[in-house]
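Undergrad: Take this structure, written in structure tokens, and hold onto it; I'll ask about it next.
Read-outs: derived from the displayed coordinates by stated rules, not from any lab. Not measured: the values here are computed from a predicted model. Positions of Cβ are generated from backbone atoms using ideal geometry, with glycine treated the same way; all protein chains shown enter the neighbour counts.
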């Protein structure tokens, strides 16, 4: 069968990455978004977020002539054979549930113009049962009716590694309702499959569950070692040594067994909450009840980091100068959604501290959401005259700071390592009082 033409509905983090990478892999791709400004930036060769390697690929894709952008769903329906839905599913206001407004609106807008056989493929992270609901909606709204099929192909992108995860994923999951849908998906990923990437073909509901199940497992692993950090703090044990000792056990492994400030971002927190909410609706809330505690442990790490800073500041941060290194929820990203770093910084500000933030990529985003904070030009500038320095995002450039150089600019050589990213002996040797969660 012929090579399908692809549309990607939604050009945020997931959609823009998918559209660009697919065009580079040789497909004709049309990116669709209702935000004209976003479309214009992408069409002019500008990626509207920080992701290593993506700007170079966007230039290559545009140059090839295989990638275009539009705000017209009519144009998208006429152009595409396989339509990828890549819009956001944020947490609903005042609820744990996922907000399906954008998914429903984009599918409805596309369906109205589908006049011939086509495959609509969800990539967004959604509550289980969404695909079945959307299938009914599409068949009702589309002029082509039963000719339109729906499939689910969850995304597993790690921010900072999105290009690698799109071009060479560790697995592909195809949730399909027919052999034709599977064949179309295989055609839409042919260059990726040619690299012997494993494929799991399953039903729609299982495919919808894979992403939230994976995120829940990662969140559990991260919060598990942070729960152990709480025990270590009460006993004088060292959680870093504990994590290392556990990592030798091949059944457990060391990945994501990193103690510290915990997880944030636009996926893990809202995905585990949406999973809890959907499980409650389905009457199996008890099965994932443990996720409530996982969320709680994660939130407590933020409060405990504020406590450590307060201790080093002599018991009260009012009027004290605090240098906050990091704003993004993780390194190699400018994403500040539910960022533990900014949560800690803004809490310290509310407690009366003078907080100066520096982050290599997330400064503009941070200033927009937290104009009340002060921002430095670089790490040493942020630390000038500080009573306490707190490392909140484990960027490589923060790991490589010379303790002596920073000691020369601060008011007091006191540091809280919120990410277990620094070598305590090195900092203490340079005269610093060093503290970290779960370490004596």
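Undergrad: Normalised by the number of residues in segment 17-128, what is the relative contact order in percent for Cα pairs under 8 Å and 6+ residues apart?
TA: With pairs under 8 Å counted, the relative contact order is 25 percent.
Undergrad: Ignoring solvent entirely, what values of log10 I(q)/I(0) come out of the Debye formula for the chain at 0.10 Å⁻¹ when each Cα is a single scatterer?
TA: One equal scatterer on each Cα of the chain leads to -0.76.
Undergrad: Can I ask one more? Could the peptides 225-234, 327-336 be put in order, highest first, of the mean number of other beta-carbon atoms found within 10 Å of their residues? Don't jump to the answer; show the numbers that get you there.
TA: Working: 225-234: 19.3, 327-336: 24.4.
Listed from highest to lowest mean packing, they are 327-336, 225-234.
Undergrad: Report the Cα-based extents of segment 306-430 along its three principal axes, largest first, to the nearest Å.
TA: 37, 31, 23
Undergrad: Given the options 37, 219, 207, state which has the largest fluctuation in a GNM of the chain using a 10 Å cut-off (strictly under) for Cα springs.
TA: Result for the chain, Cα springs under 10 Å: 37 fluctuates most.
Undergrad: Hey, another quick one. Calculated from DSSP H runs of 4 or more alone, at -39500 (n - 2.57) each and per residue, what is the 222 nm mean residue ellipticity of the chain, nearest 500?
TA: About -13500 deg cm²/dmol.
Undergrad: What angle do you read, to the nearest 10 degrees and between 0 and 90, between the alpha-carbon axis of helix 13-24 and the longest principal axis of the chain?
TA: Helix 13-24 sits roughly 60 degrees off the main axis of the chain.
Undergrad: OK, next. Which order do the peptides 388-398, 94-104, 122-132 come out in when sorted by mean C-beta neighbours inside 10 angstrom, highest first?
TA: Working: 388-398: 23.9, 94-104: 16.6, 122-132: 21.5.
Packing order, densest peptide first, comes out as 388-398, 122-132, 94-104.
Undergrad: Quick one: helix 204-235 against the long Cα principal axis of the chain, what's the angle to the nearest 10°, folded into 0 to 90?
TA: 10
Undergrad: Okay, moving on. Please give the direction-averaged projected area of the C-alpha convex hull for segment 218-436, in square nanometres with one decimal.
TA: Values: hull surface 50.9 nm².
It is 12.7 nm².
Undergrad: What residue among 137, 22, 276 shows peak mean-square fluctuation when the chain is described by a Gaussian network model with Cα springs under 10 Å?
TA: Comparing 137, 22, 276 in the GNM, the peak value goes to 137.
Undergrad: For a quick check, take a GNM of the chain with Cα springs below 10 Å and name the residue from 262, 53, 12 with the largest mean-square fluctuation.
TA: With Cα springs under 10 Å in the chain, the top fluctuation among 262, 53, 12 is at 53.
Undergrad: Further question: Taking 7 Å along the Cα-to-C-beta vector as the label spot, tell me the residue 409-residue 201 distance in nanometres, rounded to one decimal.
TA: 5.8
Undergrad: Against the longest alpha carbon principal axis of the chain, how many degrees, from 0 to 90 and to the nearest 10, is the axis of helix 54-64 turned?
TA: 30
Undergrad: Continuing with the same structure: Give me the percent relative contact order of the chain, please, defined on Cα pairs under 8 angstrom at least 6 residues apart. Don't skip to the answer; put the middle values down first.
TA: On the way: 907 pairs, mean separation 52.7, N = 440.
Relative contact order here is 12 percent.
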